[in-house]
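For reference, the structure is listed below as structure tokens.
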Amino acid sequence: MNFYSIRAIYKFEMARTWRTLLQSIATPVISTSLYFVVFGSAIGSRMVEIEGVSYGAFIVPGLVMLTLLMQSISNASFGIYMPKFSGTIYEVLSAPISYIEIIIGYVGAAASKSVILGSIILITARLFVDYHIEHPIWMITFLVLTAITFSFLGFIIGIWADGFEKLQIVPMMIVTPLTFLGGTFYSIDMLPSFWQKVTLLNPVVYLVSGFRWSFYGLADVNVGISLMMVSVFLLLFLTIIWWIFKTGYKLKN
């Protein structure tokens, strides 16, 4: 394992974050804070609590997960797309480093950014609501595992995209709607029986549910199933990336 090459890619990607601090960190934190103001205060004043947890505190895990998914995909997709766009990807591919080292460098940096951002949002949330974390180890596990998993998805999107507009199609047209409909701002138990069953087809439900369980011990689905779903996504995305490098899809032509 060439740790020097991994460190070089990782440091380069992380340096880009510090150069664009306002866009990379400040903007997502401000946007999430607005969700706390609008949903936590406006709606929270009418919906006092859900299953014994104040509404403002209830939406904290969902908002962190929303940011985590979007930022993981965005960071990883942009990180690998820019070398393709500028043509420097061929220098990386011709360097004496393996595909595994390339993936660890790019995905590791994207996941690190997302985890840092998620941690900042958790700290910021304290300014708006009082919440507790019942299972901190599991919270960190879900946080890190989700960041890594969806950074892999972002990596796939970055290779697939042949224009900046395509980088936004999956996050904005698919992931965001699924997240809003996946129990971010409510418990699916509040829905009619039919729609509860339909909602279970939404994969984001399992991510939000498992993450919320680590905070309050409340879950719309069994936490074991949530963990299994994250693992399934991880294996699926890894398989796709393996195929991409095996065939050279949009990398060698």
Review point. Which is of a type outside the set (Ser, Thr, Tyr) and on the phi > 0 side of the Ramachandran plot, of 105, 87?
Key: 87
Check your understanding: Of all residues in segment 33-66, which are surrounded by fewer than 21 Cβ atoms within 10 Å (Cβ to Cβ), β-branched (Val, Ile, Thr) and modelled with pLDDT of 80 or more?
Key -> 50, 53
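Rundown of residues vs (1) touching a strand residue (DSSP E or B) at 6+ places or on another chain (Cβ under 6 Å); (2) on the phi < 0 side of the Ramachandran plot; (3) modelled with pLDDT of 90 or more, yes/no style:
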site: 148; (1), (2), (3): no, yes, yes
site: 152; (1), (2), (3): no, yes, yes
site: 164; (1), (2), (3): no, yes, no
site: 171; (1), (2), (3): no, yes, no
site: 184; (1), (2), (3): no, yes, no
site: 203; (1), (2), (3): no, yes, yes
site: 213; (1), (2), (3): no, yes, yes
site: 217; (1), (2), (3): no, no, yes
Check your understanding: Out of curiosity, is residue 180 farther than 20 Å from residue 140 by Cα, aromatic (Phe, Trp, Tyr) and surrounded by 20 or more Cβ atoms within 10 Å (Cβ to Cβ)?
Key -> no
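Table: residues versus (1) among the acidic types (Asp, Glu); (2) under 17 Å from the mean Cα position of the chain (by Cα); (3) crowded, with 19+ Cβ neighbours inside 10 Å.
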{"site": "215", "(1), (2), (3)": "no, no, yes"}
{"site": "221", "(1), (2), (3)": "no, no, no"}
{"site": "225", "(1), (2), (3)": "no, no, no"}
{"site": "228", "(1), (2), (3)": "no, yes, no"}
{"site": "234", "(1), (2), (3)": "no, yes, no"}
{"site": "240", "(1), (2), (3)": "no, no, no"}
{"site": "244", "(1), (2), (3)": "no, no, no"}
{"site": "247", "(1), (2), (3)": "no, no, no"}
{"site": "251", "(1), (2), (3)": "no, no, no"}
Point to revise | Verdict on residue 191 being closer than 22 Å to residue 119 by Cβ and surrounded by fewer than 19 Cβ atoms within 10 Å (Cβ to Cβ) | key: no
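Is it true that residue 159 is under 25 Å from residue 9 (Cβ atoms) and touching a residue at least 24 places away in the same chain (Cβ under 8 Å)?
yes
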Revision key, fill the gap. Selection from segment 126-142 of residues out of contact with any Ser or Thr (no Cβ under 8 Å at 6 or more places or on another chain), under 20 Å from residue 56 (Cα atoms) and either assigned to a helix (DSSP H, G or I) or among the β-branched types (Val, Ile, Thr) (or both) yields none
Practice item. For segment 87-108, state whether one or more residues are buried (at least 24 other Cβ atoms within 10 Å of the Cβ), within 20 Å of residue 182 (Cα to Cα) and either touching a residue at least 24 places away in the same chain (Cβ under 8 Å) or touching a helix residue (DSSP H, G or I) at 6+ places or on another chain (Cβ under 8 Å) (or both). Key: no
**Study point:** segment 179-200: number of residues that are aliphatic (A, V, I, L, M) and without any contact (Cβ under 8 Å) to a residue 12 or more places away in the chain
**Key:** 2
**Study point:** Residues (of a type outside the set (Ser, Thr, Tyr) and not in a helix (DSSP H, G or I)) located in segment 78-125
**Key:** 87, 95, 96, 97
Check your understanding: Out of all the residues in segment 50-96, which are under 22 Å from residue 160 (Cα atoms) and of a type in the set (Val, Ile, Thr)?
Key -> 73, 80, 88, 89, 92
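The values are calculated or read from the model by the stated rules, or taken from the named source; none is laboratory data. Quick caveat: nothing in here was measured; it's all calculated off a predicted structure. Because the Cβ atoms are built from the backbone with ideal geometry, glycine has one as well, and the counts that use them run over all protein chains shown.
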